[in-house]
Amino acid sequence: MQTVDLIIFLTFTLGVVIFGCSFFRRNASAEEFTSAGRSLPGWVVGMSIFATYVSSISYIGYPGKAFASDWNAFVFSLSIPVASYVAARWFVPFYRRSGSVSAYAFLEERFGRWARLYASACYLLTQVARMGSILYLLAVPMHILMGWNLHGVIILTTVAVVAYSMMGGIRAVIWADALQGFILIGGALLCLVVLMASMPEGPLQTFRLAAHSPLGNKFSLGDFSADLTKSTFWVCLIYGIFINLQNYGIDQNYVQRYHAAKTDGDARFSALFGGYLFIPVSALFFLIGSALYSYYTAGVAALPAEIAAKPDYVFPFFIVSSLPVGLRGLLIASIFAAGMSTVSTSVTSAATILLTDYVKPLRKGKAASDVVVLRSASVGIGILGCLVAIAMLSVESIIDAWWTLSSIFSGGMLGLFLLGIIPQKISRRAALAGTLCGVGVIGWISMAGLWHLPGTHLHEYLAIVLGTTTIFLVGFFPIMIKKRGKRLRH
């Protein structure tokens with residue numbers, strides 16, 4: 001890594017931290033920290049939603065996945081229009097009217113304290129796992145580039161991100177995310193141009209080699225069979241629909257941004273803009289992965305066996321060995337932009353949930369002490385994410401690990417959310433029974449393969465799908481029985 005690259009990278013990273021810290025207000029209220037006083041324009045909030053979605057998991061994991069296999073994981077992105085539309089049409093107005101910045105406050109109103117604590121606990125576990133995955137992926141390129149210690153990079157990155165998240169709150173996070181979004185798109189586009197322009201027979205050779213790989217078509221969206229034990233097209237699509245409905249419907253990261261928008265119209269626009277922008281950008285990352293396969297297959301450059309065996313390392317290695325001076329620094333800065341935006345969002349949203357769902361109910365605090373709790377919680381969440389990142393250093397494919405953890409920790413809370421918003425009155429006992437059954441299903445699917453339990457082992461991605469469905473159906477079952485009884489009596 002040349003001095004110019006290092007200067008570009010450090011200038012950008014330090015610039016983002018300083019920019020975020022500039023939003024610090026000594027006498028800020030908890031409302032300002034958690035929702036920016038509902039004052040931000042829709043395009044900024046939408047760009048923040050997009051940048052949060054495009055984490056290092058996308059920037060490194062997607063190219064690694066396409067390099068090693070195909071575009072099966074891209075099917076996940078195709079489910080986003082459904083979730084974005086539903087969010088803009090129903091979720092955004094619902095939360096804007098709720099009056100609480102917590103996504104889980106209404107669950108307590110409908111089903112009792114246990115429902116709110118269950119959903120918020122699932123959310124916190126998911127965010128810690130997400131932060132760990134992303135911090136790990138931020139450390140990989142610096143380890144390859146500079147030989148820096150992975151543990152050291154993870155710790156320093158955590159400190160930098162927590163610093164501006166803790167000081168500037170959601171306003172700093174959203175504005176920094178919007179800035180980082182432009183950087184990460186520009187870096188990815190420039191990288192693809194270099195890859196395709198380097199092919200000996202021209203850019204079209206990229207598509208020919210990838211489409212006729214010995215392992216099959218690299219642009220394949222996966223097996224279209226009904227096999228539920230593999231990551232088929234349908235398994236990925238169904239998983240994507242459920243996880244994205246959960247993201248837009250009950251994920252504190254998104255709900256907090258709906259509250260930060262200036263008007264209801266701005267909030268609806270942000271949900272649509274952030275979601276739809278992710279689709280072409282995720283396709284860009286998968287295309288980079290396919291182009292990397294063609295690039296090394298054509299012999300443009302040599303790929304060491306130890307790098308090829310670790311798909312998540314291939315893109316960072318290309319940046320190190322093949323990009324020109326200056327552009328190399330910009331690409332590393334782009335990867336950091338993607339990761340920092342997501343980690344900062346997880347820090348502020350998790351801190352908000354710890355305050356609203358756990359601390360506030362236990363004491364009647366003043367506004368000033370609420371801000372102290374928010375900042376202290378930000379530090380605590382950052383430390384947990386850092387520890388998870390260090391634990392993930394032995395993972396083979398980070399995208400597989402994250403999707404599996406996300407499906408398990410999500411706990412089917414979308415099912416509980418749906419029970420809460422339907423017009424029919426679901427009893428608290430029925431909701432609790434549904435949740436217990438759903439958690440049991442999730443536990444079985446998640447552990448069946450690991451513990452070699454008897455029976456068919458469904459793919460781990462289906463944990464959230466079947467867990468959510470079980471919670472909803474079991475919770476709704478008494479209503480169906482009651483309706484059937486009325487029909488029989490008549």
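The values are calculated or read from the model by the stated rules, or taken from the named source; none is laboratory data. The structure presented is a predicted model; accordingly, all values stated were derived computationally and were not measured. Glycine gets a Cβ as well: all are built from the backbone with ideal geometry, and neighbour counts include every protein chain shown. Areas reflect the complete protein model, heavy atoms only, side chains present, ligands, DNA and RNA absent. Shrake-Rupley method; radii C 1.70, N 1.55, O 1.52, S 1.80 Å.
Of note:
- Fully extending the segment from T3 to L473, taken as 0.36 nm per residue of separation minus the present Cα-Cα distance, adds 163.2 nm.
- All Cα pairs of region 239-367, percent lying beyond 20 Å: 64 percent
- In plain terms, the C-alpha convex hull of region 237-299 casts an average shadow of 5.7 nm² when viewed from every direction.
- Sum of -39500 (n - 2.57) over DSSP H runs of 4+, divided by residues of the chain (222 nm, nearest 500): -24000 deg cm²/dmol
- For L107, net neighbour charge (Lys/Arg +1, Asp/Glu -1) across residues whose Cβ lies under 12 Å away: +1
- For the chain, the Cα gyration tensor yields ellipsoid semi-axes of 37, 29, 19 Å (square root of five times each eigenvalue, largest first, whole Å).
- Per residue, the accessible area of the chain comes to 38 Å² when a 1.4 Å probe rolls over the protein heavy atoms.
- For the chain, the membrane-span-like helix rule (DSSP H, alpha carbon extent of at least 24 Å along the helix axis, mean Kyte-Doolittle at least 1.0) picks out 3-21, 150-197, 233-250, 327-353, 367-391, 428-448; this says nothing about an actual membrane.
- A Förster radius of 35 Å, combined with the Cβ-Cβ distance separating K483 from D227, puts the computed FRET efficiency at roughly 0.45.
- Once you reduce region 92-159 and region 225-289 to the center of their Cα atoms, the two points are 16 Å from each other.
- Taking F19, F12 and ordering them by how much accessible surface each has at a 1.4 Å probe, largest first, produces F19, F12.
- Across region 1-112, Cα-Cα distances exceeding 18 Å account for 72% of all pairs.
- Diagonalising the gyration tensor over the Cα atoms of region 81-209 and scaling each eigenvalue by 5 before taking the square root yields semi-axes of 38, 23, 15 Å, largest first.
- For the chain, the tally of Lys pairs with Cα-Cα distances below 14 Å comes to 4, considering only residues 8 or more apart or on different chains.
- Once the GluC sites (Glu not before Pro) in DSSP loops with at most 14 neighbouring Cβ atoms within 10 Å are cut out of the chain, the longest remaining piece is 1-200.
- Semi-axes of the equivalent ellipsoid of region 37-99 are 30, 15, 8 Å, computed as sqrt(5λ) over the eigenvalues of the C-alpha gyration tensor in descending order.
- Unit Cα scatterers, Debye sum, region 50-142: log10 I(q)/I(0) for q = 0.16, 0.17, 0.18, 0.21 Å⁻¹: -0.93, -0.99, -1.05, -1.15
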